[in-house]
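All remarks here apply to the structure that follows.
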Amino acid sequence: MAEEPDDPTSRRPRPARPQPPRPDVFVEPLRPRQEPTHSVLPKVAGALWALTAALMLALAAVIALNWEPVLSGVETAVSQQDSTASAADVRNTASATLLSSGAASAVLVLLGFVALNLLRGAATSSKVLMGAVGILTIGAAVTFSTFVSDAPALLGGVLQWGPFVVAAAAAAATVVALLPRRPSAR
């Protein structure tokens, strides 16, 4: 029998080398792992912010359902500020004031919910954002009360005291959101 040349496919497989023993290694973390704290504060702040949003929507509904009387009240305030303005300019300014107030309220409500969502994840920026949104909402509500101060006393004067209730609810939501978290008993 003739000897065949070295064919790489005809070789027998070599036996596997034994694995060396694994060393015992223990890596100690630089910072101890902190268990997540379950605080009720984000839920309370969320509920207060939802109340703030509901109050804003209620005020918007009152304005929408009584547009002409509210608009004429704002027109009165605008015409007192500038007696030389034409009737069309006064009406346009009053309409723009009401509509821009509604748009600003919508943006603030959405930003508040974004801040609260970040707060649930314990993001560092969430408290800064919530503080800024809270302050802006309080300021916007108080400023809005001056816009509608000459509006008729609808539904028990809701446009006179309603913005202050919104400001109080926004202040409460902001304060609760900014409180340091304490774990709840579970």
- Modelled FRET efficiency - R0 41 Å, V128 with A54, Cβ distances, 0.05 increments: 0.95
- Message: Once you order the gyration tensor axes a ≥ b ≥ c over the Cα atoms, which shape class does the range 24-114 get: rounded for a/c under 1.5, otherwise prolate or oblate by comparing a/b with b/c?
- Response: prolate
- Using the Cα gyration tensor of the chain, with a ≥ b ≥ c the square roots of its eigenvalues, what is the shape: rounded (a/c below 1.5), prolate (a/b larger than b/c) or oblate (neither)? prolate
- Message: Taking the Cα of D82, stepping 7 Å toward and past its beta carbon, and measuring to each backbone N in the range 91-114: which are under 11 Å?
- Response: 91-94
- Message: Computing the accessible area with a 1.4 Å probe over protein heavy atoms, can you report the carbon and sulfur percentage for the chain?
- Response: 63 percent
- With every protein chain left in place, what is the accessible area per residue of the chain in square angstrom, probe 1.4 Å? 70 Å²
- Among all helices in the chain defined by DSSP H, which have a length of 15 Å or more along the axis from Cα atoms plus a Kyte-Doolittle mean of at least 1.0? 41-65, 87-120, 124-147, 158-178
- Item | Ordering of 115-122, 52-59 by packing [mean C-beta count within 10 Å, highest first] | 52-59, 115-122
- Net lengthening on full extension, S100/T146 (0.36 nm per residue, minus Cα-Cα): 15.1 nm
- Computed [θ] at 222 nm, deg cm²/dmol, the chain (DSSP H ≥ 4; -39,500 (n - 2.57); rounded to nearest 500): -22500 deg cm²/dmol
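The values are calculated or read from the model by the stated rules, or taken from the named source; none is laboratory data. None of these values were measured; they are calculated from a predicted model. Positions of Cβ are generated from backbone atoms using ideal geometry, with glycine treated the same way; all protein chains shown enter the neighbour counts. The protein model used for the area step is the full one, side chains on, heavy atoms only, and it has no ligands, DNA or RNA in it. Shrake-Rupley method; radii C 1.70, N 1.55, O 1.52, S 1.80 Å.
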